[in-house]
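For reference, the structure discussed in these notes is given below.
The values are calculated or read from the model by the stated rules, or taken from the named source; none is laboratory data. Source: prediction; values computed, not measured. We place every Cβ from the backbone using ideal geometry, glycine too, and count neighbours over all the protein chains shown. Surface accessibility is based on the protein's heavy atoms, side chains included, excluding ligands, DNA and RNA. Shrake-Rupley method; radii C 1.70, N 1.55, O 1.52, S 1.80 Å.
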Amino acid sequence: MSIRRTAGVTIGASDGPTEGEPGRGAEVSAGTARGNGPRRAGKPRSRFRRVLMVAALIVAVAVLAWLVLRDTSPVGHFDSAADKDRYLAAYDEAMREMPGPDRVLDVRTDYGIVRVYRYAGPPGTGDLEPFLLLPGTRSGAPVFAGNMPGLLAQRPVYALDLLGEPGMSVQDRPIENHADQARWLHEVLRALPEPGFHLLGLSIGGWTAANLAIHHPEKVASLILVEPVQTFAGLSAELVVRSLPASVSWFPKSWRDSFSSWTAGGAPVEDIAVARMIEAGMSAYTMKQPQPSLIDPQQLRALAVPVLVIIAGNSPMHDSAATARTARENLRYGTVHVYPGASHAINGEHPQRISADIAEFLAG
């Protein structure tokens, strides 16, 4: 094989013409170097077009599937009848750890029907302003089972399932903003006969209680905020990251159990009825409402009711020191306690201490 260079183009010839003949082999080689090769060079382009067509088809199918399967409901709902049955079984199991209510109420509001349980207090306390318990997200009234003995020793208690959350309350109108969140709860309080209530909110229930006092303080006698989120400090970055896989219903149950255990300081949760109810709510129910935003300090300073704040020293939800500092600096009538070593499951870890602090707060 001989090699020679012509006009800057390398030409290879093996059985080509002699030096005196015009080289057709040279023309082909040179043409290939310029990108004008034989017809075989078109095959990669054909394969590329086929790949593009397949990719476009996959995208079209994915878009069509999203359009067909996407959740267009404007209100919170169970994902299927089987999911609802599974959650209600877990809910009923957790409710068996609660005392028997003397009344079960379904209160109609503009946003849906709210399930409320009423428990009578000790003799002679019927005229006292009762507690109204607001649970954390994905849980429901049974999350307060461990707190009921200490609270019922003081006065009557109402407990409810948050509207738009898994539980026995049924949302039938969109909740679009924080004013809507306050309005449905205000309508519940207006439907109850007592003139005022001591709102005890846990986690997101604490934010819900404070949000009500900001928009509709008429029947709020005091606020008792236990590990409130988005109230005095924002959520921790680790919480946001860990909550993402736990919020996907079709991910393994073990991921949700792991998240719940993390919020409870590493305690095992698989054999806890309330934890099973929370896991079922995370996997079975789709919520459709705005995420709570951090309450503005000016709104905190405007609160005209006494506020008791109980914070977990080892809370994974927020910076405990910053939460306590903001509460102390901005509440006009605030009492702030930090429980060293406590996790976000503080109400189950320290029920007696919480009851004692509440009794002292109300006595003062």
Open item on the list: For the structure I just gave you, tell me whether Arg103 is at negative phi, of a type outside the set (Val, Ile, Thr) and in contact (Cβ under 8 Å) with a residue 40 or more places away in the chain.
Closed with: no
Open item on the list: So in segment 240-258, with the set limited to residues that are at pLDDT below 70 and within 14 Å of Thr137 (Cβ to Cβ), which one is nearest to the chain's Cα centre (by Cα)?
Closed with: Ser247
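Tell me, please, whether a residue that is assigned to a loop (DSSP other than H, G, I, E, B), within 20 Å of the chain's Cα centre (by Cα), closer than 30 Å to Ala81 by Cα and in contact (Cβ under 8 Å) with a residue 24 or more places away in the chain can be found in segment 319-332.
Taking segment 319-332 as the starting set, the residues that turn out to be assigned to a loop (DSSP other than H, G, I, E, B) are 319, 331-332.
Keeping just the survivors that are within 20 Å of the chain's Cα centre (by Cα) gives 319.
Right, trim to closer than 30 Å to Ala81 by Cα and you get none.
No: zero hits.
Out of curiosity, is Val51 open to solvent by 80 Å² or more (accessible area, probe 1.4 Å), of a type outside the set (S, T, N, Q) and either at pLDDT below 90 or under 30 Å from Gly164 (Cβ atoms) (or both)?
Numbers: open to solvent by 80 Å² or more (accessible area, probe 1.4 Å): yes; of a type outside the set (S, T, N, Q): yes; either at pLDDT below 90 or under 30 Å from Gly164 (Cβ atoms) (or both): yes.
Yes.
Test Ile354 against the stated conditions and say whether it is under 17 Å from Ser203 (Cα atoms), buried (at least 21 other Cβ atoms within 10 Å of the Cβ) and either at pLDDT below 95 or out of contact with any Ser or Thr (no Cβ under 8 Å at 6 or more places or on another chain) (or both).
On the way: under 17 Å from Ser203 (Cα atoms): yes; buried (at least 21 other Cβ atoms within 10 Å of the Cβ): yes; either at pLDDT below 95 or out of contact with any Ser or Thr (no Cβ under 8 Å at 6 or more places or on another chain) (or both): yes.
Judged against the criteria, Ile354 is a match.
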Open item on the list: Exactly one of these conditions fails for Gly206: (1) within 15 Å of the chain's Cα centre (by Cα); (2) of a type outside the set (Ser, Thr, Tyr); (3) open to solvent by 10 Å² or more (accessible area, probe 1.4 Å). Give me its number.
Closed with: (3)
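Mind telling me which of the residues Gly150, Gly121, Gly126 ends up being modelled with pLDDT under 95, farther than 19 Å from His344 by Cα and open to solvent by 10 Å² or more (accessible area, probe 1.4 Å)?
Values: Gly150 fails: modelled with pLDDT under 95; Gly121 fails: modelled with pLDDT under 95.
Result: Gly126 is the single residue among Gly150, Gly121, Gly126 that is modelled with pLDDT under 95, farther than 19 Å from His344 by Cα and open to solvent by 10 Å² or more (accessible area, probe 1.4 Å).
Does segment 305-316 contain any residue that is part of a loop (DSSP other than H, G, I, E, B), of a type in the set (A, V, I, L, M, F, W, C), more than 14 Å from the chain's Cα centre (by Cα) and modelled with pLDDT of 95 or more?
Among the residues of segment 305-316, at least one is part of a loop (DSSP other than H, G, I, E, B), of a type in the set (A, V, I, L, M, F, W, C), more than 14 Å from the chain's Cα centre (by Cα) and modelled with pLDDT of 95 or more, which makes the answer yes.
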TODO: Return the residue satisfying two criteria in turn: it lies in segment 89-112 and is surrounded by fewer than 16 Cβ atoms within 10 Å (Cβ to Cβ) and of a type in the set (A, V, I, L, M, F, W, C), and of such residues it is nearest to His186 (Cα to Cα).
DONE: Val104
Open item on the list: Checking Thr231 against (1) modelled with pLDDT under 75; (2) among the hydroxyl-bearing types (Ser, Thr, Tyr); (3) within 18 Å of Thr137 (Cα to Cα), only one condition comes out false. Which one?
Closed with: (1)
Open item on the list: Given the criteria aliphatic (A, V, I, L, M) and in a helix (DSSP H, G or I), does Ala159 qualify?
Closed with: no
